[in-house]
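> This is the structure I have questions about; it appears just below.
Read-outs throughout are calculated quantities, based only on the coordinates presented, and are distinct from any laboratory measurement. Since the structure is predicted, the reported quantities are computational estimates derived from the model, not experimental observations. Cβ sites come from the backbone with ideal geometry, for glycine too, and all protein chains shown count toward neighbours.
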Amino acid sequence: MTASPMIVVDDLAVHFGEGRDSVRAVDGVSFQVHEGESYGLVGESGSGKSTVLRVLCGLQQQWQGRVTLAGAPLPKRPRRDFFLRVQMVFQDPYGSLHPRFTIDATLSEPLAIHGIGERRERVHRALEAVGLDPAFRFRFPHQLSGGQRQRVAIARALILEPRVLLLDEPTSALDVSVQAEILNLLARLRREHGLTYLLVSHDLAVVAHLCSRIAVMQGGQLVEQLSVEDLRRGSAATDYTRDLIAASSGEIIAQPAQST
Amino acid sequence: MAALLNVDNLQVAFRGPRGEVPAVRGVSFSLGREKLGIVGESGSGKSTIGRAILRLLPDSARVTADRLTFEGQDLLGLSPRALRNLRGRHITMVMQDPRYSLNPVLPVGDQIAETLRVHGAGGRGRELYRKVLDILEAVQIRDPERVYRAYPHELSGGMGQRAMIAMMLIADPRLLIADEPTSALDVTVRRQILSILDDLVSRRGMGLILISHDLNLVAGFCDRVLILYAGRVVEEIEARNLHACRHPYSRGLLASLPRLEQPVGELATLQRDPAWLDGPVYRFGEEVSR
Amino acid sequence: MSETLSTAGWRAWLLSERPQSALQARLGQAWLSWNAFQRNRLAMLGLALILLLVLVAAFAPWISPYEPNVQNLRLRLQPPGAAHWLGTDELGRDILSRIIHGARITLYIVTLVVVIAAPIGLLVGTVAGYFGGWVDAVLMRLTDIFLAFPRLILALAFVAALGPGIDNAVIAIAITAWPAYARVARAETLTLRRSDFIAAVRIQGAGAFRIIGRHIMPLCLPSVIVRVTLDMAGIILTAAGLGFLGLGAQPPAPEWGAMISTGRAYLLDQWWVATIPGLAICLVSLGFNLLGDGLRDLLDPKRRGG
């Protein structure tokens, strides 16, 4: 069962605007993500990678093509129970939490929407799962650091126990030391819950750390898919991917000398 | 080599509802015609240092220093008029997002022309237009005529940052402070902007302070690096030796970076030690207690 | 000693970094806001004026020295003095007592207008802003139509149609007041709609009305409250204007605008008859404006210093 596809995207296209001004944000993109796999989408701004995520979570409702999620076709206007299968973590932890809601209210809201009981216990467990002290429950977002907010956002995404987690640049607004904590947390949660990840990032090192297969997007098209080993070796098929790898690894400094 | 900028025991504190909050605590460094990197995480006070040098902090900030001089001129004692003259003419700043620093309702070319006029290097009509195009070409903008007519929001991030740098350089400043100049840009564009900056610094003999959260970027670009923790320089080191840094904070930062070439199962996380607030600091690999 | 200890205990409880309940967290936030508000002296003056209005209105029968509507023609048009602090009017009624009872009418008008106009404006604005498209177009054109008429003229038209009286005046003012709140709420909603936290609640499966009611409205509320408070002076003036024209509260009700209207005839020789109610209107309007400015500084994040 490990090889059954969790996400199938076939010839996906998204247009913004109409008539002559219409822009093809995503243009004939196809890929598959297996159950339990972590798949990376990389590309520069405007490559369409975030738009693919917005289609998959039902935020972008105008698209053409065929998309299957967890064995069922993606509806154009998703109903409520669709969202029990897929959730998303956003880039900016300062903008993705409601400023007037306590952490408790933010985490209880999805449970209330879906009429799920035992909210106190579930909120408590969700906080523990992401490594937050339950004493944070009644704080407001502005009383938390960026990393703590991102943990709350992850807890909120996981509280509905989805099978697919979409990650939109989940660490690019964080400091490096906090980024390491969040990446470790995401890796652990995937192991423990058998989640399928689709990670969008511009940072090849982050994608290589978390993902086993990577797709490179440029100008709305998927130009190349490669394994993480190929990425680390720099053996890419297209010039564009090689450029991206060079731009990322050129700056990387030597490994610090080993010490105790 | 005479130092361009001397900073000795710079202290900045912000008055808040719960008393004064220190942001910069005793930072000292001097800068010649070189590229100095200031690295730190959010809240470390790195941007505050840049703004303190340019005296751009709000009134709620209390700035003191044993010495804060630019080419021998005391920056703390300058009149507002002298300060205005200094800013923009001798010291300039490049911010993270050029779209906030450029006037949104004027075409980019007109803004550059205006700056030229202010600095008395104008000319008129065709001559001025040619000059602006030359300046845009100098920052490797390939279609300067389009960029001349474009409004800031019509430019991509990289294009806007180039235009901004072009404008900053008209006055031929001797010190450029760049606060996260490339963090809003894509990796491939980032390199181009940095190479433009590098080229300008070495050709014009300017001093450059690059403020960034990105260790890799600073290590690859600067000559010397200051690592800032809680408003204090915990380590000063040549950029090429950054991998051999000694302060546990610097080492922890380096270890927590995921690397393309070297996969690890779990990333090392930073355990913050309260002793770092006042503990020993390192200069070029030597422990200095102060 | 024990008292200072318990106040310190309350402060610590309110400012706790780890609140134990949602109530404690909210009260703590309210306490911080109140502390910030307190530092604004002018806003505190405004608040004091409004509180004074409320107290005077609440205790009117007990604090007014005379009955507001009892006539004494022998004592008509007395200047301010020991017996009648603010003098008497053309029918010998005590002006101070009429002002005190008039506070009730003013407060009644203000409260009713807020209760009617603010929710309508909030609802129309958030719905239009959230849905966009044709819903937005229809609702906003409707709003534009109401906004296009000067407030007093439109109120006059309504009162003329519905008949004079204080309740009709309230309805007329409320109908002219809501479009401004709808505009404010819509502008806020348009920016909130694009935010990540609204996207997040959408992908949790929340319906449009849950998002508008629970997530967007609470964030639009502060700007609407500020707008309503700043509008209050205009509402009081419109009410007084209707009263002045004889279309609002009917005699012998001690409505301030109507008092000015009757005092107009004596303005040159008995100045206090018209001036005192005018001053009352002035003070209350000033109070609401100062309070509104203070609230705006407190609640509007765009005006808050970084």
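> Hey, what number do you get for chain C at 222 nm if only DSSP H runs of n ≥ 4 count, each worth -39500 (n - 2.57), divided across all residues, to the nearest 500?
For chain C, the value works out to -24000 deg cm²/dmol.
> What percent do you get for the relative contact order of chain C when only Cα pairs under 8 Å and 6+ apart count?
Across chain C, relative contact order equals 22 percent.
> Okay, moving on. I'd like the mean, over residues of B:181-191, of how many other protein chain beta carbons sit within 10 Å of each residue's own Cβ.
Per residue, the average neighbour count from other chains is 4.
> Now for a different question. Can you pull out the GluC sites (Glu not before Pro) in the stretch B:229-290 whose DSSP state is coil and whose Cβ has at most 11 other Cβ atoms within 10 Å? Walk me through the intermediate numbers first.
On the way: sites: B:GLU235, B:GLU236, B:GLU238, B:GLU261, B:GLU266, B:GLU286, B:GLU287; in loops: B:GLU261, B:GLU266.
Taking the stretch B:229-290 and a limit of 11 other Cβ atoms within 10 Å, the loop GluC sites (Glu not before Pro) found are B:GLU266.
> For chain A, set up a GNM with springs between Cα atoms under 10 Å and report which of A:ALA112, A:ALA126, A:ALA236 has the largest fluctuation.
The residue that fluctuates most here is A:ALA112.
> Is the stretch B:1-108 rounded, prolate or oblate when judged by the Cα gyration tensor, a ≥ b ≥ c being the square roots of its eigenvalues, rounded requiring a/c under 1.5 and prolate requiring a/b larger than b/c?
Rounded shape, in that the Cα axes give a/c under 1.5.
> Rounded, prolate or oblate for chain A? Axes are the square roots of the Cα gyration tensor eigenvalues, ordered a ≥ b ≥ c, and the cut-off for rounded is a/c under 1.5. The partial results should precede the final answer.
Details: a/c = 1.72, a/b = 1.18, b/c = 1.46.
The shape class here is oblate.
> Averaged over C:268-276, how many beta carbons belonging to a partner chain fall within 10 Å of each residue's beta carbon?
Taking all residues of C:268-276 together, the mean is 0.
> Could you pull out the longest piece of chain C with no exposed loop GluC sites (Glu not before Pro) in it, calling a site exposed if DSSP puts it outside H, G, I, E, B and it has at most 16 other Cβ atoms within 10 Å?
It runs C:91-306.
> Still on this structure, please answer the following. Would you work out if chain C is rounded, prolate or oblate? Take a ≥ b ≥ c from the square roots of the eigenvalues of the alpha-carbon gyration tensor; rounded if a/c is under 1.5, else prolate when a/b is larger than b/c, oblate otherwise. Kindly include the intermediate steps, with their values, before the conclusion.
Details: a/c = 2.98, a/b = 1.45, b/c = 2.06.
Judged from the Cα gyration tensor, chain C comes out oblate (a/c at least 1.5, b/c at or above a/b).
> Then there is this: Only Cα pairs within less than 10 Å get springs; with that Gaussian network setup on chain B, which residue of B:LEU226, B:LEU169, B:LEU267 has the largest fluctuation?
B:LEU267
> Quick check on the protein assembly as shown: of the DSSP beta bridges with both residues there, what percent are antiparallel, nearest 5%?
Around 55 percent antiparallel, to the nearest 5.
> Further question: Where in chain C lies the longest segment free of trypsin sites (Lys or Arg not before Pro) that are both loop residues by DSSP (not H, G, I, E, B) and have at most 13 other Cβ atoms within 10 Å?
C:40-193
> Right, here's the next one. Calculated from DSSP H runs of 4 or more alone, at -39500 (n - 2.57) each and per residue, what is the 222 nm mean residue ellipticity of chain B, nearest 500?
So the helix-based figure for chain B works out to -9500 deg cm²/dmol.
> Note the angle between two axes, namely the Cα long axis of helix C:217-244 and the longest principal axis of the Cα atoms of chain C, as a number of degrees from 0 to 90, rounded to the nearest 10.
Its long axis makes an angle of about 20 degrees.
> Shifting gears a bit: Where does helix C:151-162 land angle-wise versus the long Cα axis of chain C, in degrees 0 to 90, nearest 10?
70
> Within a 10 angstrom radius of the beta carbon, how do A:VAL52, A:VAL67 rank from fewest other beta carbons to most?
Starting with the residue having the fewest Cβ neighbours, the order is A:VAL67, A:VAL52.
> What's the exposure ranking of A:SER248, B:SER79, C:SER21, C:SER16, going from fewest to most Cβ atoms within 10 Å? Don't skip to the end; give the middle numbers.
Numbers: A:SER248 22, B:SER79 8, C:SER21 12, C:SER16 15.
Least to most surrounded, the residues fall as B:SER79, C:SER21, C:SER16, A:SER248.
> Also, I was wondering about something else. Which order do the peptides B:53-59, A:138-144 take when ranked by the mean count of other beta-carbon atoms within 10 Å per residue, highest first?
A:138-144, B:53-59
> Here's another thing I want to ask about it. Kindly provide the helix-only [θ] at 222 nm of chain A, computed as the sum of -39,500 (n - 2.57) over DSSP H runs of four or more divided by all residues, to the nearest 500 deg cm²/dmol?
When only DSSP H runs of four or more count, the value is -10000 deg cm²/dmol.
> Using Cα-Cα distances under 8 Å and only pairs 6 or more residues apart, what relative contact order does chain A have, in percent?
Numbers: 459 pairs, mean separation 65.1, N = 260.
Worked out over chain A, it gives 25 percent.
> Could you sort the peptides A:148-158, A:224-234 by per-residue average Cβ neighbour count (10 Å cutoff), highest mean leading?
A:148-158, A:224-234
> While we're here: Can you list the chymotrypsin sites (Phe, Trp or Tyr not before Pro) in the stretch C:5-83 that are in a DSSP coil and have 14 or fewer other beta carbons within 10 angstrom?
Those that pass, being in a loop and sparsely packed, are C:PHE59.
> For B:ARG67, what residues show an amide H to amide H distance below 5 Å, using hydrogens built from the backbone and excluding near sequence neighbours?
So B:ARG67 has HN proximity to B:ASP8.
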